[in-house]
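Worksheet: the structure to be examined is printed underneath.
The values are calculated or read from the model by the stated rules, or taken from the named source; none is laboratory data. Computed from a prediction, not measured in an experiment: that's the story for all the values here. All Cβ positions, glycine included, derive from the backbone under ideal geometry; neighbour counts span all protein chains shown.
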Amino acid sequence: MFALPLFRRDLPALKGARVTLRTPVAGDYRAWAALRSESRSFLEPWEPRWAPDELERHAWRQRLGRYREDFARGVAVAFFILDNQSGQLLGGITLGNIRHGVAQSGHIGYWIGERFAGRGFMAEALDLLAGHAFETLKLHRIEAACIPANSRSIRVLEKAGFQREGLLRSYLRINGVWQDHYLYALISEDRRRGTTSKD
């Protein structure tokens, strides 16, 4: 296991035309808590049930510690999505459940602040993360799951070139209820063939 300080040093930011992905740091707490708080009603229907102390500083420190541990173990990497012009925090995106060997795959999860939704930021973030997954981590396949009623997420994934592969019954417990999810996937050959769509 790598020492935790390597979390920042070994993972450079991923910069696109409009957004930059970089790993979260302790100083992000206020911006993260403010954006999550103002977007709570927008995010809660699509996320695991929020804990009573979800936005407290001690919970943030624990979250940051998990990000660092997962990165050190090579099983996940978490990024914040920042606007290139203003430097504002827009949301977050994580590549988790990273597996090598015969699987060479990972699973993507993401969120965006309500006032930034529908403006193409997440599609670009997905494209940047896909590039990192396929070109740097040498994965073959990345997956994402979304609740069938989440039309915004479906549009984002399909715009990014992900293909719907099926329905996962009672897949994740979201906001306290076990929910079916569509499974989407993007494989490295899709990207090389240029079948992914861009903003």
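Observations on the model:
- For segment 85-99, the condition of being of a type in the set (D, E, K, R) and either at pLDDT below 95 or under 17 Å from residue 28 (Cα atoms) (or both) holds for none of the residues.
- With respect to the stated conditions, residue 91 fails to be more than 24 Å from residue 66 (Cα to Cα) and small (Gly, Ala, Ser).
- Filter result (surrounded by 13 or more Cβ atoms within 10 Å (Cβ to Cβ) and within 28 Å of residue 136 (Cβ to Cβ)) within segment 47-75: 47, 60, 63, 64, 67, 68, 69, 70, 71, 72, 74, 75
- Set side by side, the residues 25, 102 differ, and just one is β-branched (Val, Ile, Thr), exposed (fewer than 14 other Cβ atoms within 10 Å of the Cβ) and over 27 Å from residue 181 (Cβ atoms), which is 25.
- Top-ranked residue in segment 174-198 [being under 23 Å from residue 42 (Cα atoms) and modelled with pLDDT under 95; ranked as nearest to the chain's Cα centre (by Cα)]: 175
- When segment 100-132 is limited to residues that are under 12 Å from the mean Cα position of the chain (by Cα) and of a type in the set (Gly, Ala, Ser), the one that is nearest to residue 193 (Cα to Cα) turns out to be 130.
- Unique residue being in a loop (DSSP other than H, G, I, E, B) and in contact (Cβ under 8 Å) with a residue 60 or more places away in the chain when the list is 12, 48: 48
Residue by residue, here is whether (1) among the acidic types (Asp, Glu); (2) over 15 Å from the mean Cα position of the chain (by Cα) holds:
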position: 24; (1), (2): no, no
position: 37; (1), (2): no, yes
position: 61; (1), (2): no, yes
position: 69; (1), (2): yes, yes
position: 83; (1), (2): yes, yes
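- Residue list for segment 122-136, filter: without any contact (Cβ under 8 Å) to a residue 60 or more places away in the chain and buried (at least 21 other Cβ atoms within 10 Å of the Cβ): 122, 126, 133, 134
- Number of positions in segment 137-179 that are surrounded by 13 or more Cβ atoms within 10 Å (Cβ to Cβ), in a helix (DSSP H, G or I) and not β-branched (Val, Ile, Thr): 6
- Any hit, segment 184-191, residues being over 27 Å from residue 18 (Cα atoms) and buried (at least 17 other Cβ atoms within 10 Å of the Cβ): no
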